Amino acid sequence: MTVSRTPAPRTILSALFVGACGLAVLLALVPLAFILFFVISQGVQSLSLDFFTHDPVPVGESGGGMANAIVGTLILTGLAAAMAVPIGILSGVYLSEYRGSRFASAVRFAADTLNGVPSIVIGVFAYAVVVLPLRHFSALAGGFALGVMMIPIIARTTEELLLLVPNALREGALALGATRARAVFSVIVPAALPGIITGVVLALARIAGETAPLLFTSFNNRFFTTSLTQPISSITVQVFTYAISPYEDWHRQAWAGALVLVTIVLICSMAARIAAARVARIRGQ
Amino acid sequence: MSLESVDNKDVETMNPPVRLPRPVVRAARTPVPEPVTGSRLKIDVEHLSFFYGEKRALEDISIKIQPNVVTAFIGPSGCGKSTFLRTLNRMNDIIAGARVAGRVCIDGDDIYRPGVDVVAVRRKVGMVFQKSNPFPKSVFENVAYGLRINSMTSSKSELAGRVEESLKQAALWDEVKDRLHESALAMSGGQQQRLCIARALAVKPDVLLMDEPASALDPIATQRIEELIYQLKTNYTIVIVTHNMQQAARVSDYTAFFWLGRLIEYERTDKMFTNPTEKLTEDYLTGRFG
């Protein structure tokens, strides 16, 4: 048998194709690299300890920070999670347990639609059902808007993860005399828990970066507050306010805010993955 | 390659000293108890038919299963033996479109009578599956699961005692006593299957249904399971589905042969394997089909 020294056309074609795929990946990563580069290079200059411990100062004064906005974002995402995690997980359980039913298909369709609703529309909705009755902007309204956005994400993630749990585990639990609910909550949900935790944290990271639903729900607040019934600041709205202002000082603050936000989101994502991997390892999965 | 570097996990020699079960012909060693009748029967099935939607999977099956013996169900793939086994603890209830006609009496009570507590039925009739299915929890929690959900123990020490007792019954205690709180999924296939048996025994069922419990195991692990079945029959009524005719001959006292959803022959194992009544049984046992 003779071995040809020139590569066959299919080998060249294959190499070209793999090369094209690699190039596409690089192109996709370029925007991320630029975003991180600009946010870090611009943000680091204005970042200081004061930024985390001080509230904003009036125009013209130097210094000041976003302590109020950082705490505000934590409160808003906390409120959203308190609302969306139980509803989302229980809906996900329903969707996976009654996956064949007509109502489940309707719920699944509704969740996907809700997931696609523009966030500004969700802000308007929260304005109508929370802000108007209470007659003023509040952290509650902002948390509600973010919670509404989180519910479909968590519900669909939970459903998909529960469907991955082998049916043999359910049968094992039922054969030991477990009721259906008991089997679900003592065996099936715990088996999917690492994935569900990751899904929840990723959903949190996503809504933490939302601005539109907060513009006329939680509004903004120049002062530090932890009151749920008062307008509250958030990093995103604060960055928006500073970025559209004409002042150089505020622009720098906006970059620093953007850097803090990106860092929070990245830390959340990584923490979720590490936590899930650790839980999975403890269980020997 | 040195001998130590061989991964022995699969043959379960991780925890020396290892006592391999003696290969013995059990059927010849113990006398089969005298058959009982009426309400002393453990399982009495009358005219049972089973449907998956329109399709009839089991046709008019009647069988009387004796207490404290091992009954084997044999037959070619798709003959309905597993489906029939699963009607005995109502595991088929969870299949959409499944329907049952006829009666299945356990200790004289029809488990398909309206108003029967299915949870109570399954507690009384335990089950071990073909593929071991330990929960992704620790060894201890796996065995304790049935005890916890049924609130069967009143104190921590009682719970621990029952877990230990069950693991000993399943001949697993010596291998796992030092790692009770490690993941059950880290054990070998044979250990996982014995853990599933321990888990089923913990709730103290009367009947143990085993659906090809050794089909995924190597010969040594299989031998251990068979030895275990032999020991357990003094306290439990065991029904085992098996593909392996030699296994049926080794472990069972009675054998039922299924074919195309019907019960063709039900006899004492020694009689069936030496002198079957039906031509079909003989053809199957001699390997002419199936």
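Within the stretch B:162-184, residues that are within 13 Å of chain A (Cβ to nearest Cβ) and at pLDDT 90 or above reach partners that are outside any helix (DSSP H, G or I) and crowded, with 19+ Cβ neighbours inside 10 Å with beta carbons closer than 6 Å, at six or more positions or on different chains, in the pairs B:His181/B:Ser138; B:Ala184/B:Pro134.
A:Arg182 - would you say it is within 14 Å of chain B (Cβ to nearest Cβ), modelled with pLDDT under 95, surrounded by fewer than 24 Cβ atoms within 10 Å (Cβ to Cβ) and within 15 Å of B:Pro136 (Cβ to Cβ)? No. For A:Leu79, state whether it is out of contact with any Ser or Thr (no Cβ under 7 Å at 6 or more places or on another chain), at pLDDT 95 or above and more than 16 Å from A:His251 (Cα to Cα). The answer is yes for A:Leu79. Going through the stretch A:95-120 one residue at a time, which ones are among the aliphatic types (A, V, I, L, M), surrounded by 11 or more Cβ atoms within 10 Å (Cβ to Cβ) and away from every other protein chain (no Cβ under 14 Å)? Those that are among the aliphatic types (A, V, I, L, M), surrounded by 11 or more Cβ atoms within 10 Å (Cβ to Cβ) and away from every other protein chain (no Cβ under 14 Å): A:Leu95, A:Val107, A:Ala110, A:Ala111, A:Leu114, A:Val117, A:Ile120. Among the residues of the stretch B:202-218, those that are in contact with a Ser or Thr (Cβ under 7 Å, 6 or more places away or on another chain), assigned to a loop (DSSP other than H, G, I, E, B) and modelled with pLDDT of 90 or more comprise B:Asp206, B:Glu212. Taking each residue of the stretch A:143-161 that is more than 12 Å from A:Val200 (Cβ to Cβ) and touching a residue at least 12 places away in the same chain (Cβ under 8 Å) and looking for partners that are in a helix (DSSP H, G or I) and of a type in the set (Ser, Thr, Tyr) with beta-carbon atoms closer than 7 Å, six or more apart or interchain, yields A:Leu146/A:Thr77; A:Met149/A:Ser119; A:Glu159/A:Ser96. When B:Asp206, B:Asp218 are checked against the criterion of being more than 12 Å from chain A (Cβ to nearest Cβ) and within 25 Å of B:Met245 (Cβ to Cβ), B:Asp218 stands alone in meeting it. Considering only the stretch A:185-199, state which residues are β-branched (Val, Ile, Thr), over 21 Å from A:Ala82 (Cβ atoms) and more than 7 Å from chain B (Cβ to nearest Cβ). Result: A:Ile188, single match. In this entry, B:Ala101 is excluded by the filter for residues that are modelled with pLDDT under 90 and either more than 14 Å from chain A (Cβ to nearest Cβ) or farther than 19 Å from A:Leu176 by Cβ (or both). Evaluating A:Ile70 against the criteria (1) outside any helix (DSSP H, G or I); (2) surrounded by 19 or more Cβ atoms within 10 Å (Cβ to Cβ); (3) of a type in the set (A, V, I, L, M) leaves one unmet condition, (1). Can you pull out every residue in the stretch B:193-222 that is within 18 Å of B:Met152 (Cβ to Cβ) and either charged (D, E, K, R) or without any contact (Cβ under 8 Å) to a residue 40 or more places away in the chain (or both)? Listed by number, the residues that qualify are B:Arg199, B:Lys204, B:Asp206. The sole residue among A:Gly92, A:Gly172, A:Gly177, A:Gly195 that is crowded, with 23+ Cβ neighbours inside 10 Å and in contact (Cβ under 8 Å) with a residue 40 or more places away in the chain is A:Gly92.
Each row is one residue, and each column tells you yes or no for (1) facing chain A (nearest Cβ under 9 Å); (2) touching a helix residue (DSSP H, G or I) at 6+ places or on another chain (Cβ under 9 Å); (3) closer than 16 Å to B:Thr242 by Cα.
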| position | (1), (2), (3) |
| --- | --- |
| B:Ser62 | no, no, no |
| B:Asn68 | no, no, no |
| B:Ser77 | no, no, yes |
| B:Asp110 | no, no, no |
| B:Val116 | no, no, no |
| B:Asn133 | yes, yes, no |
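Residue check: A:Ile264 meets all listed conditions (1) over 30 Å from B:Pro205 (Cβ atoms); (2) more than 15 Å from the chain's Cα centre (by Cα) but one, namely (2).
Being within 14 Å of chain B (Cβ to nearest Cβ) and under 22 Å from the mean Cα position of the chain (by Cα) is a condition met by at least one residue of the stretch A:146-166. The residues listed here are B:Arg199, B:Arg250; of these, the one that is within 14 Å of chain A (Cβ to nearest Cβ), in a helix (DSSP H, G or I) and over 20 Å from B:Lys64 (Cα atoms) is B:Arg199. Of the residues making up the stretch A:112-145, those that are of a type outside the set (A, V, I, L, M, F, W, C) and within 20 Å of the chain's Cα centre (by Cα) number 9.
One residue stands out among those in the stretch B:253-283 that are part of a helix (DSSP H, G or I) and touching an Asp or Glu at 6+ places or on another chain (Cβ under 7 Å): the one that is surrounded by the fewest Cβ atoms within 10 Å (Cβ to Cβ), which is B:Thr281.
Restricting attention to the stretch A:35-62, the residues being more than 26 Å from A:Leu146 (Cβ to Cβ), assigned to a loop (DSSP other than H, G, I, E, B), out of contact with any Phe, Trp or Tyr (no Cβ under 9 Å at 6 or more places or on another chain) and of a type outside the set (D, E, K, R) number 4. A single member of A:Ser62, A:Ser14, A:Ser4, A:Ser46 is hydroxyl-bearing (Ser, Thr, Tyr) and either in contact with an Asp or Glu (Cβ under 7 Å, 6 or more places away or on another chain) or modelled with pLDDT of 95 or more (or both), and it is A:Ser62. Inspection of the stretch B:143-156 finds a residue satisfying the criterion of being at the interface with chain A (Cβ under 8 Å from one of its Cβ atoms) and aromatic (Phe, Trp, Tyr). Scanning the stretch A:82-124 for residues that are small (Gly, Ala, Ser) and in contact with a Ser or Thr (Cβ under 9 Å, 6 or more places away or on another chain) turns up A:Gly88, A:Ser91, A:Gly92, A:Ser96, A:Ala104, A:Ala111, A:Ser119, A:Gly123.
All conditions in (1) over 27 Å from B:Glu226 (Cβ atoms); (2) out of contact with any Ser or Thr (no Cβ under 6 Å at 6 or more places or on another chain); (3) in a loop (DSSP other than H, G, I, E, B) hold for B:Asp178, with the sole exception of (1). Exactly one residue out of A:Ile264, A:Ile235 is farther than 22 Å from A:Leu162 by Cα and surrounded by 22 or more Cβ atoms within 10 Å (Cβ to Cβ): that is A:Ile235.
The values are calculated or read from the model by the stated rules, or taken from the named source; none is laboratory data. All of these numbers come straight from a predicted model, not from anything done at the bench. Neighbour counts are summed over all protein chains in view; Cβ atoms, including those assigned to glycine, are modelled from backbone coordinates with ideal geometry.
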